[in-house]
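A short worksheet on the structure shown next.
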Amino acid sequence: AVGTTAWPEIVTPAWFVTQGVRLYDGILFPHTPLLILLTALAGKTLGFSAATLRALPGLALAASGALLVLGARSHGASRRGPITGLLLGLPVLILLTVYAEGPALWPEPFLTPFLLAGVLLLERAERTGGTRDLATAGLVFGTALLVKQTSAWAALAAVLWLLFRSRRRGARAAFLFAAAAALPYATFLLTWAIAFRTLAHVRWTLVYPVFSRMSQAIAAPLTAADIH
């Protein structure tokens, strides 16, 4: 059986939030707040039970699966698609899930549905040429940034694709996407500062990850163990 790992780095801050402790001032956490606040909301509403902590990663997995199906349909998948997915995709998914120690209450699994949705919106914008789809894709990529800052690399890849590979490539499209992608994080910085009269969130979600030893560890060269 595959169990769900509820990492204490997520559950513990979320519980303290429900007790009135402010994130980034009383709780020192070097990532953006969306998953912590979502876990806190679920815990406050339903209780920090095993069922609640299983359901949150389950929602991320279900959303990812639904988006994969939508992506296959949008590409005109043949009848062989579901059969191939069942015979090949399902065993691979099980293998990867077991290898990664099962579903987890952790930022990375929650990035997946946002990035999948963003890519599908980019593909629709590529087909239609609509600026609304392009801007919406940027907002979705930007919302992923509120789950964990490392998703900025995916947004950067999308900007480079819009500049050099898209059929509608150009600086205007790339700028529109980048501005929309930056909006959720900029809104978080501004509203949090106004609401709580603090800049602690800037330190812990921007300054510390980028300029401290944490960033040096992230930039360390890959080893054979890392690749494995």
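The values are calculated or read from the model by the stated rules, or taken from the named source; none is laboratory data. Predicted model, so just to flag it, every value in this text is computed and none were measured. For neighbour counting, all protein chains shown are included, and Cβ atoms are generated from backbone atoms with ideal geometry for every residue, glycine included. These accessible areas exclude ligands, DNA and RNA; they are computed on the full protein's heavy atoms, side chains included. Shrake-Rupley method; radii C 1.70, N 1.55, O 1.52, S 1.80 Å.
Rundown of residues vs (1) open to solvent by 80 Å² or more (accessible area, probe 1.4 Å); (2) modelled with pLDDT of 95 or more; (3) under 15 Å from residue 118 (Cα atoms), yes/no style:
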{"site": "177", "(1), (2), (3)": "no, yes, yes"}
{"site": "202", "(1), (2), (3)": "no, yes, no"}
{"site": "215", "(1), (2), (3)": "no, no, no"}
{"site": "220", "(1), (2), (3)": "no, no, no"}
Quick count over segment 3-34, residues being in contact with a Leu (Cβ under 8 Å, 6 or more places away or on another chain) and either of a type outside the set (Ser, Thr, Tyr) or not in a loop (DSSP other than H, G, I, E, B) (or both), is 12
Test result for residue 103, more than 12 Å from the chain's Cα centre (by Cα) and either aromatic (Phe, Trp, Tyr) or modelled with pLDDT of 80 or more (or both): yes
Filter segment 134-175 down to residues that are closer than 17 Å to residue 31 by Cβ and of a type in the set (Val, Ile, Thr) and give me whichever is most open to solvent (accessible area, probe 1.4 Å). 150
Residues to consider are 7, 15; find the one that is open to solvent by 70 Å² or more (accessible area, probe 1.4 Å) and touching a strand residue (DSSP E or B) at 6+ places or on another chain (Cβ under 8 Å). 7
Looking at segment 100-121, which of the residues that are farther than 22 Å from residue 52 by Cβ and in contact with a Gly (Cβ under 9 Å, 6 or more places away or on another chain) is least open to solvent (accessible area, probe 1.4 Å)? 118
Considering residues that are among the hydrophobic types (A, V, I, L, M, F, W, C), open to solvent by less than 40 Å² (accessible area, probe 1.4 Å) and in contact with an Asp or Glu (Cβ under 8 Å, 6 or more places away or on another chain), the number found within segment 179-200 is 1
